[in-house]
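See structure below.
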Amino acid sequence: MDTISVAAARDPQTVGQRVKLQGWVRTRRDSKAGFSFVEINDGSCMANIQAICDADLANYESEVKKLSAGCSVTIAGEIKESGGKGQATEVHAESVTVHGWADPQEYPLQKKRHSFEKLREWAHLRPRTNTFGAVSRVRNCICNSIHQFFQEREFLYVHTPIITASDCEGAGEMFKVTTLDLEQPPRENGRVDYAQDFFDRPSYLTVSGQLEAEIYATALGKVYTFGPTFRAENSNTSRHLAEFWMIEPEMAFYELDDNMSLAEEFLKRIASDVLVKCGEDMEFFNQRIDDTVLATLEKIVDSEFVRLPYTEAVEVLEKSGKTFEYPVNWGTDLQSEHERYLTEEHFEGPVILFDYPKTIKPFYMKLNDDDRTVRAMDVLVPRVGEIIGGSQREDRLDVLEARMKEQELNPDDYWWYLDLRRFGTVPHSGFGLGLERVIQFATGMTNIRDVIPFPRTPGSAEF
Ligand code: 4AD
Ligand code: MG
């Protein structure tokens, strides 16, 4: 007898097959006619399968009638057509093996719906709920779609280091990695002597794989990274994690326009794959979480993204007549309220802003001829705001060195990065997509902590 998934067993084509199903009980109902309905779920899809368990099963009284939510079982039997609502098939049990009980007095996931805040305290149990099962399947679909998108376009998947000595974003939000004794670090002239540390220098968890991706792009053409990223920003928002996953494509010979087109195609592909492959889960999100998610995803697929220089975006905001918590004027970084106004209210769709003031962007972005703006781009989408950040990179050695000095970085520390401009420099571009932001966008989940299995945020690292 083959073991098949609940998803497979729900397909009417399996009617007549004798199979084994393995999973966790969601509910048990006893009929007066002397048999029980046991619904099981195995995570392969949102829906359960119903098993009809007759009183003549050997363990009917001793075990089957004691099953409750959370018990783990193997049910063997024949798949039959079902007359029940919302299901084409059901299984008529020939045997029920109980692997583990879940005391209904103690098991927290009973009929009562718990808040997402409460479920965060039970990160070890929440994947057993409908919402977190659905989020996990959508997350998996998006990851698969990301790899396919790049592989089909001949990008190489490269692995960049998690521990690094260089600060890519220059924002000083890095976690330090050290084996020094924090109680009594070695000192030299009163300062901690990192020459005695594991890597002989201050080292950190990476905030971005971009600088290393540039090394590979300027040798192999088109590459992408997909890995964990760490930021020690103490911002307790619904869109920031201390540990998140980022996808960073980097392309030799791409200018900013090519970069924007790739980003747009990329997001469209993710949205259309989610719509096609996660129909059942997306229906659930649309009904239970946010009734605009399906329409928003369809819009991403069908509409052209607006492309607007930062300078014009500031004008739109100034003319909006809205009172923002943070005032806007040329030269200030846009806050999420501004980004959301642009994409949700003004343009009612995805917007790519570009050519930002050089003072608010990192050293590596290509300087425009106006000497005030750089070839940066941010992709903004409704509900989430910034989902992608990227740029064309500065490929001129002298300009890059000058920009580093302006930002008080020591060019000597980046000698290898400068070498890429010394030897066969090329125009090149890339961007970073935050995986959890795109999952938030697709599912409508309002808090980023609920789209990653084990969220790392200030003060929270249990599990
Ligand atoms: O805009 P960011 O900081 O860009 C970079 O790191 C570039 N080096 C990328 C590149 O050009 N290769 O981050 C990129 C994206 C953001 O748009 C956002 O989606 C996500 O990463 N992100 C975060 N997601 C969750 N929690 C955080 N703390 C995040 N910080 C950035
Ligand atoms: Mg950014």
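The values are calculated or read from the model by the stated rules, or taken from the named source; none is laboratory data. As the structure is a computational prediction, the values presented were derived from the model and not from experiment. Here Cβ is always computed from backbone atoms with ideal geometry, including for glycine, and neighbour counts include all displayed protein chains.
Only residues that are among the acidic types (Asp, Glu) and away from ligand 2 (no atom under 13 Å from the Cβ) were counted in the stretch 229-253, giving 2. Any residue that is closer than 27 Å to Phe441 by Cβ, of a type in the set (S, T, N, Q) and outside any helix (DSSP H, G or I) - is there at least one of those in the stretch 166-186? There is no residue in the stretch 166-186 that is closer than 27 Å to Phe441 by Cβ, of a type in the set (S, T, N, Q) and outside any helix (DSSP H, G or I). Each residue in the stretch 357-391 was checked for being in a strand (DSSP E or B), in contact (Cβ under 8 Å) with a residue 24 or more places away in the chain and more than 11 Å from ligand 1 (Cβ to nearest atom), and 4 of them qualify. Of all the criteria given as (1) in contact (Cβ under 8 Å) with a residue 24 or more places away in the chain; (2) out of contact with any strand residue (DSSP E or B) (no Cβ under 6 Å at 6 or more places or on another chain); (3) of a type outside the set (D, E, K, R), the one not satisfied by Gln151 is (1). Of the set (1) surrounded by fewer than 18 Cβ atoms within 10 Å (Cβ to Cβ); (2) part of a helix (DSSP H, G or I), all apply to Gly83 but (2). Taking each residue of the stretch 227-254 that is within 20 Å of Pro453 (Cβ to Cβ) and looking for partners that are in a loop (DSSP other than H, G, I, E, B) and charged (D, E, K, R) with beta-carbon atoms closer than 7 Å, six or more apart or interchain, yields Arg231/Glu173; His240/Glu233; Leu241/Arg456; Ala242/Arg231; Ala242/Arg456; Glu243/Arg456.
Looking only at the stretch 194-212, count every residue that is part of a strand (DSSP E or B) and away from ligand 1 (no atom under 16 Å from the Cβ) and tell me the total.
Taking the stretch 194-212 and keeping what is part of a strand (DSSP E or B), we get 203-205.
Right, trim to away from ligand 1 (no atom under 16 Å from the Cβ) and you get 203.
The number of residues fulfilling the criteria is 1.
Among the residues of the stretch 76-106, those identified as among the aliphatic types (A, V, I, L, M) and either at positive phi or within 35 Å of the chain's Cα centre (by Cα) (or both) are Ala88, Ala102. Cβ-Cβ distances below 6 Å connect no pair with a first residue in the stretch 1-17 that is over 10 Å from Ile79 (Cα atoms), a second residue that is in a loop (DSSP other than H, G, I, E, B) and at pLDDT below 95, and a separation of six or more residues or different chains. Only a single criterion out of (1) within 15 Å of ligand 2 (Cβ to nearest atom); (2) buried (at least 24 other Cβ atoms within 10 Å of the Cβ); (3) not basic (Lys, Arg) is not satisfied by Pro350, namely (1). Listed by position, the helices (runs of 4 or more DSSP H) inside the stretch 213-304 whose residues that are more than 16 Å from ligand 1 (Cβ to nearest atom) and either at pLDDT below 95 or closer than 16 Å to Ile387 by Cα (or both) number at least 1 are 256-277, 293-302.
Residue count for the stretch 114-170 satisfying the condition of being aromatic (Phe, Trp, Tyr) and either surrounded by fewer than 19 Cβ atoms within 10 Å (Cβ to Cβ) or modelled with pLDDT under 95 (or both): 3. Candidates in the stretch 367-395 are the residues that are within 16 Å of ligand 2 (Cβ to nearest atom) and basic (Lys, Arg); of these, the one that is surrounded by the fewest Cβ atoms within 10 Å (Cβ to Cβ) is Arg375. Being farther than 28 Å from Phe285 by Cα and β-branched (Val, Ile, Thr) is the filter here; which residues of the stretch 425-442 pass it? Hits for the stretch 425-442 are Thr425, Val426.
Condition (residue is within 16 Å of ligand 2 (Cβ to nearest atom) and under 16 Å from Cys168 (Cβ atoms)) applied to the stretch 397-406: is it met by at least one residue? Give the steps one after another, and end with the answer.
Within the stretch 397-406, the subset within 16 Å of ligand 2 (Cβ to nearest atom) is none.
No, the conditions are met nowhere in the stretch 397-406.
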